[in-house]
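Here's the structure we're looking at; comments come further down.
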Amino acid sequence: MESIDITEANAVAAGTNKQQKRIVASGIGGRLMGTKSMTTVTAEELAKDSVAEVLKRDKELRLKIHHRYTDTHRDPYDARRGFWYSHIGWMLLVPNPKYKARADISDLVDDWIVRVQHRHYLTIMLFMALILPALFSKYFFDDFWGGFIYAGLIKSFMIQQATFCVNSLAHWIGEQPFDDRRTSRDHFLTAFVTFGEGYHNFHHEFPSDYRNALKWYQYDPTKILIWCASKVGLAYNLKKFSQNAIDQGILQQKQKKLDEMRSQLNWGPQVSELPIWSQEQFHEEAANKKGLVIVSGIVHDCSSFLTEHPGGQALVRSSFGKDATIAFNGGVYAHSNAAHNLLSTLRVAVIKDSGAIGNTYGRQLEYLAKADLEKVEKNKNKSKAA
Ligand SMILES: [Zn+2]
């Protein structure tokens, strides 16, 4: 089987495999947007980087790169470098040219609205952000400067901070219900200040899904706006990941957390780790050491537990040196799951050919079900005989 050429694949992902149409913004707007500085990195460099860094981690332009290189040196908002760096530092500091990255943005370049906006960015920005609110305020309230300062400058500052929060706050506070291997998180506070982009862990897992919030009670007005726009033909082909894929992610993350929790607890030695004793060996050991009891083919040292037994010492003492399987599993008392857990921490050996399994509580349930069945059979026979 021929395996994929990594350098070639990186060239495709970066869009360097084909002649890229480039939109050059006019005047100082172009310089402000720094489009030029993003084009120098080669597919070879990216290939080296992908293998060495991106793969190792798992063992609009910047946004796409942020998704492709989340939490690596090439991530322009690298959240690992701290809150302020991902919030605004990335913009104020000169980026390390070694860590430039590219993403294929031909879909954006092909969109005439994006092209017009990009080309005339500064003009559009100044007019829409500052001049229009000022004119609006002048027309309705006869207050040009009020509109300019409050609805223009201060609003722009606030919106900019809100936008930055998608890279900082959304990688900083909240839950990680879908995957915790990267820094993106879900939090209602982030959603509140970013008009819905706060369910960022979901967004990084399912980036082309137009939604951020999945539940009806989670705040995502942007999703609603896009949905409404689709109803009147202003947006189309809204992408959604299948609920199955989403639920798989949730389940796997929960499982991971459960496994972590499990590994922190003392479950006693595994049956496979225990020394194997014959029946004779058990009797010899039990003669020398008081407290050895067999339950479900496993030898337990109950000497330290004697005084702790909720059912009293006498019962435990009477089982020393004996097989207490039936008594323990319902003959005298059907012990709780917690009792079985506790018992498993007292394991010292396993009896040869006993067919012992680690889950002694499961074994008990089997015994009880079997006993019930036998009782039913017996009653049947009795009524037949009668
Ligand atoms: Zn992000």
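Quick one: which residues, 5 or more positions from Cys302 or on another chain, have an amide H under 5 Å from its amide H? H modelled 1.01 Å from N in the peptide plane, none for Pro or chain starts.
Those lying under 5 Å, H to H, from Cys302 are Leu292, Val293.
Only counting other Cβ atoms within 10 Å, I'd like Leu214, Leu368, Leu251 sorted with the fewest neighbours first. Don't skip to the end; give the middle numbers.
Working: Leu214 17, Leu368 13, Leu251 10.
Least crowded to most crowded, the residues run Leu251, Leu368, Leu214.
As a test of the definition: which semi-axes, in Å, follow for the chain when you take the square root of five times each eigenvalue of its alpha carbon gyration tensor? Largest first, please.
Ellipsoid half-lengths, sorted descending, are 67, 26, 21 Å.
Percent of Cα-Cα pairs per 5 Å bin, from 0 to the last occupied bin, for region 235-374, please list those.
2, 9, 16, 18, 15, 11, 7, 6, 4, 3, 3, 2, 2, 1, 1, 0, 0
Taking the Cα centre of region 140-247 as the origin, how large is its charge dipole in debye, to the nearest 20, when only Lys and Arg (+1) and Asp and Glu (-1) carry charge on their Cβ atoms? List each step's numbers first, then the result.
Values: 10 positive and 11 negative charges, 53 e Å.
Rounded to the nearest 20 debye, it is 260 debye.
Please report the net charge: other residues with Cβ closer than 14 Å to the Cβ of Gly146, K and R +1, D and E -1. Don't skip to the answer; put the middle values down first.
On the way: positive: Lys138, Lys155; negative: Asp142, Asp143.
That works out to 0.
Would you pull out the residues with amide H under 5 Å of Ala349's amide H, same chain only if 5 or more places away, H placed 1.01 Å from N?
HN-HN under 5 Å from Ala349: Val299.
P(r) of region 59-145 in 5 Å steps, Cα pairs, percent per bin?
Answer for region 59-145: a P(r) of 3, 12, 14, 14, 14, 15, 11, 7, 6, 3, 0, 0, 0 percent.
If each residue of separation counts as 0.36 nm, what is the full-extension length gain between Lys370 and Leu153 once their alpha-carbon separation is subtracted? Mind dumping the intermediate values first?
On the way: separation 217, 0.36 × 217 = 78.12 nm, distance 7.80 nm.
That pair, Lys370 and Leu153, stretches by 70.3 nm at full extension.
Of Ile351, Ile159, how do they rank once you tally other Cβ atoms within 10 Å and put the fewest first? Please list the in-between numbers first.
On the way: Ile351 20, Ile159 13.
Lowest to highest Cβ neighbour count: Ile159, Ile351.
From the backbone phi of region 259-271, what are the Karplus-calculated ³J(HN,Hα) couplings (6.51 cos²θ - 1.76 cosθ + 1.60, θ = phi - 60°) in whole Hz, Gly and Pro given as x?
Calculated HN-Hα couplings, in order: 4, 4, 4, 4, 5, 7, 9, 8, 9, x, x, 5, 4 Hz.
How long are the three semi-axes of the equivalent ellipsoid for region 175-265, computed from the Cα gyration tensor as the root of 5 times each eigenvalue, in whole Å, largest first?
Values: eigenvalues 163, 42, 17 Å².
The three semi-axes for region 175-265 are 29, 15, 9 Å.
Scan around Ser296 for amide H atoms under 5 Å from its own, H built in the peptide plane at 1.01 Å from N, and keep only partners 5 or more places away or cross-chain.
Amide H neighbours of Ser296: Thr325.
Among Val350, Val94, what is the fewest-to-most ranking by other Cβ atoms within 10 Å? Mind dumping the intermediate values first?
Details: Val350 25, Val94 6.
Arranged by neighbour count, lowest to highest, Val350, Val94 become Val94, Val350.
Note the full-extension length gain between Phe144 and Met125 as 0.36 nm times their separation in residues minus their Cα-Cα distance, in nm to one decimal.
Working: separation 19, 0.36 × 19 = 6.84 nm, distance 1.80 nm.
Here the answer is 5.0 nm.
Bear in mind these aren't lab numbers, they're just calculated from the coordinates by the rules spelled out. From a predicted model like this one, the values you see are computed outputs, not experimental measurements. Positions of Cβ are backbone-derived with ideal geometry, glycine not excepted, and every protein chain shown enters the neighbour counts.
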